[in-house]
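Engineer: To start, I am sharing the structure in question, which I have written as structure tokens.
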Amino acid sequence: MLKDCIYLDNNATTKIDPLVLEAMMPVLTDYYGNPSSMHTFGGQLGKSVKIARQQVANLIGADESEIVFTSCGTEGDNAAIRAALLAQPEKRHIITSQVEHAAVLNVCKQLETQGYQVTYLSVNNHGQIDLNELEASITGNTALVTVMYANNETGTIFPIEEIGAIVKEYGAIFHVDAVQAVGKVPLNMKTSTIDLLTMSGHKIHAPKGIGALYVRRGVRFRPFLIGGHQERGRRAGTENVPGIIALGKAAELELLHLEQTRTKTKQLRDRLEQNLLAKIPECQVNGDVKNRLPNTTNIGFKYIEGEAILLLLNKHGICASSGSACTSGSLEPSHVLRAMGLPYTTLHGSIRFSLSRYTTEAEIDQVIAVMPEIVEKLRALSPFKNDDAGWLQQQEQTLVNR
Ligand SMILES: Cc1ncc(COP(=O)(O)O)c(C=O)c1O
């Protein structure tokens, strides 16, 4: 198994912090009880779960009673959307955006088959939504507005509180998928318009298989998973105690490191971006460079295929991505970049580099050293170098043949 690499795919998943592992180990080994048990051996874990809930709440400026543990970001998104609709059965309209994660988009698509009307807000070529379009589509029949805080592919941050102000005017529920924002952006639910907020452990140095949903006090919430009375009746199923303790510790550490991580990742991300743009001709940054996560850059390299770049990066031991991990393997260009209306010449050759607090300057410099060679090599093989029309024709033909 490959162990060492230059890992610049932190929006896909992150390394577990050793302190997180240390915190969860005892409940994986010695203290394996069930917190719902009457006996002390199990029941004592209730206290640890409560501490973790408080740690998660602290990270987003919420009350501990407003945190519901889930299995992942996908569950949080599904649970939030279903709960918002169940709470207002008379309303049949949902608003989302075209650039959401599959965990929201595919739920919305399924809801359309069940009689809901869904508006998919468009984005401009920086990946930003237009608040006028939101105002034009929202009505008293809108049950839910569900949008992401920050885009997983480009890092573009939506104007969440401005969106929220409009949503509140119309009495709809406001759900925000903050899977990519938590730990990268300061959040405070006490001063926010957000009703429901999704987060996921494995994006913030906790293990996979744990997440949390913030449910604002007073928002009517019906459980997505039905069964026992865990999570005060809001999410059935025996608690993933090791995961919960890990998420709590990870949240505590994210809060502790927040400002430092923001500064460090931004500095290294900018170093990477500026050097690549300076050394490689015909490339551009995709996304809203003024409103962006500090750890993410998405760069489009004209006339070449992102998959080919990734393979060559991989040979150098560098991990990056050409889109969402959930859609990799499909050769379709990213739905996010397509919604942004990127030209075909760049659409296929876009690479996301996403950093974490573990990323070092030496690693960034290694990427800066190899990328120009990689792009040059692939462009030399590309018969369509500087030939937009030829490239477009080839891409269209490939799509027809699929
Ligand atoms: C914006 C966004 N939402 C939801 C998810 C799904 O989270 P999870 O992998 O924990 O199910 C992801 C994962 O990449 C994401 O980036």
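Engineer: Provide the FRET efficiency to the nearest 0.05 for the Glu90-Leu131 pair, computing r from the beta carbons and using R0 = 22 Å.
Structural biologist: Efficiency for this residue pair is about 0.25.
Engineer: Per the Cauchy relation, a quarter of the hull surface: what is the mean projected area of the convex hull of the alpha carbons in the range 18-254, in nm²?
Structural biologist: The directionally averaged projection comes out at 12.5 nm².
Engineer: Could you give the angle, 0 to 90 degrees to the nearest 10, between helix 388-401's Cα long axis and the longest principal axis of the Cα atoms of the chain?
Structural biologist: 50 degrees
Engineer: If you don't mind, there's one more thing I want to ask. Kindly state, as a whole number, the per residue volume in cubic angstrom of the convex hull around the alpha carbon atoms of the range 75-215.
Structural biologist: 105 Å³
Engineer: Give me the percent of the accessible area of the range 24-153 that comes from carbon and sulfur atoms, probe 1.4 Å, all protein chains in place.
Structural biologist: 54 percent
Engineer: For the chain, take the alpha-carbon Rg, divide it by the Kirkwood Rh, and send me Rg/Rh.
Structural biologist: Rg/Rh for the chain comes to 0.99.
Engineer: With 28 Å as the limit, write out which pairs from Lys15/Lys264; Lys208/Lys266; Lys15/Lys109; Lys208/Lys315 have Cα-Cα distances beyond it, or answer none.
Structural biologist: Lys15/Lys109
Engineer: What percent do you get for the relative contact order of the chain when only Cα pairs under 8 Å and 6+ apart count?
Structural biologist: 22 percent
Engineer: By the scheme Lys and Arg +1, Asp and Glu -1, what is the net charge of all other residues having a beta-carbon under 11 Å from that of Val215?
Structural biologist: Result for the local shell: +3.
Engineer: Give the residue list of trypsin sites (Lys or Arg not before Pro) in the range 287-320 that are DSSP loop and have at most 14 other beta-carbon atoms within 10 angstrom.
Structural biologist: Here the trypsin sites (Lys or Arg not before Pro) that fit, given the DSSP loop and packing criteria, are Lys290.
Engineer: Same structure, new question: Roughly speaking, what is the stretch gain from Arg217 to His316, that is 0.36 nm per residue apart minus the C-alpha to C-alpha distance, in nm to one decimal?
Structural biologist: 30.7 nm
Engineer: Let me ask something additional. Taking Cα pairs under 8 Å and at least six residues apart, what relative contact order does the range 18-254 come out at, in percent?
Structural biologist: 29 percent
Engineer: Can you tell me the orientation of helix 18-28 relative to the chain, as the angle in degrees between its alpha-carbon axis and the longest Cα principal axis, to the nearest 10?
Structural biologist: Its long axis makes an angle of about 40 degrees.
Engineer: Related question: Are there trypsin sites (Lys or Arg not before Pro) in the range 58-130 that DSSP puts in a loop and that have at most 16 other Cβ atoms within 10 Å, and which ones?
Structural biologist: For trypsin sites (Lys or Arg not before Pro) across the range 58-130 that sit outside H, G, I, E and B with at most 16 neighbouring Cβ atoms in 10 Å, the list reads Arg92.
Engineer: Can you tell me which of Ile309, Ile299, Ile374 moves the most in a GNM of the chain? Springs connect C-alpha atoms under 10 Å apart.
Structural biologist: Ile374
Engineer: Charges only on Cβ, +1 for Lys and Arg, -1 for Asp and Glu: so what's the dipole of the chain about the Cα centre, in debye to the nearest 20?
Structural biologist: For the chain, the charge dipole is close to 720 debye.
Engineer: Using only Cα atoms, tell me the angle between helix 361-381 and the longest principal axis of the chain; keep it within 0 to 90° and round to the nearest 10.
Structural biologist: Between the helix axis and the principal axis of the chain, the angle is about 50 degrees.
Engineer: 222 nm [θ] for the chain, helices only, -39500 (n - 2.57) per DSSP H run of 4+, per residue, to 500?
Structural biologist: Computed mean residue ellipticity for the chain: -13500 deg cm²/dmol.
Engineer: Further question: Given Cβ point charges of +1 (Lys, Arg) and -1 (Asp, Glu) and nothing else, what value in debye, to the nearest 20, does the dipole of the range 18-254 about its Cα centre take?
Structural biologist: About 680 debye.
Engineer: Find how much the distance from Leu225 to Asp365 grows on full extension, using 0.36 nm per residue of separation minus their present alpha carbon separation; answer in nm with one decimal.
Structural biologist: Separation in residues times 0.36 nm, less the Cα-Cα distance, equals 45.7 nm.
Engineer: Separate question: Please enumerate, by chain and number, the aspartates and glutamates with C-alpha under 18 Å from the C-alpha of Lys91, excluding those fewer than 8 residues away in the same chain.
Structural biologist: Cα-Cα hits under 18 Å: Glu112, Glu135, Glu169, Asp195.
Engineer: What figure, in Å² to the nearest 10, do you get for the accessible area of His39 with a 1.4 Å probe and non-protein molecules left out?
Structural biologist: 100 Å²
Engineer: Please check: in the Gaussian network model of the chain (C-alpha springs, under 10 Å), which one of Thr146, Thr345, Thr360 has the largest mean-square fluctuation.
Structural biologist: In the Gaussian network model the winner is Thr360.
Engineer: Pick out, in residue order, every one of the trypsin sites (Lys or Arg not before Pro) in the range 191-281 that is DSSP loop and has at most 15 other C-beta atoms within 10 Å; say none if there are none.
Structural biologist: Sparse-neighbourhood loop trypsin sites (Lys or Arg not before Pro): Lys208, Arg217, Arg220.
Engineer: If you average the sequence gap of Cα pairs under 8 Å that are 6 or more apart and divide by the length of the range 75-184, what percent do you get for the contact order?
Structural biologist: Relative contact order of the range 75-184: 29 percent.
Engineer: While we're here: Set Lys and Arg Cβ to +1 and Asp and Glu Cβ to -1, take the dipole of the chain about its Cα centre, and tell me which of Leu311, Gly155, Val241 lies farthest positive.
Structural biologist: After comparing all options, I get Val241.
The values are calculated or read from the model by the stated rules, or taken from the named source; none is laboratory data. Everything numeric here is computed off the predicted structure, so don't read it as measured data. Cβ: placed from backbone, ideal geometry, glycine included. Neighbour counts: every protein chain shown. To get the accessible areas, we keep the full protein, side chains included, count just its heavy atoms, and leave off ligands, DNA and RNA. Shrake-Rupley method; radii C 1.70, N 1.55, O 1.52, S 1.80 Å.
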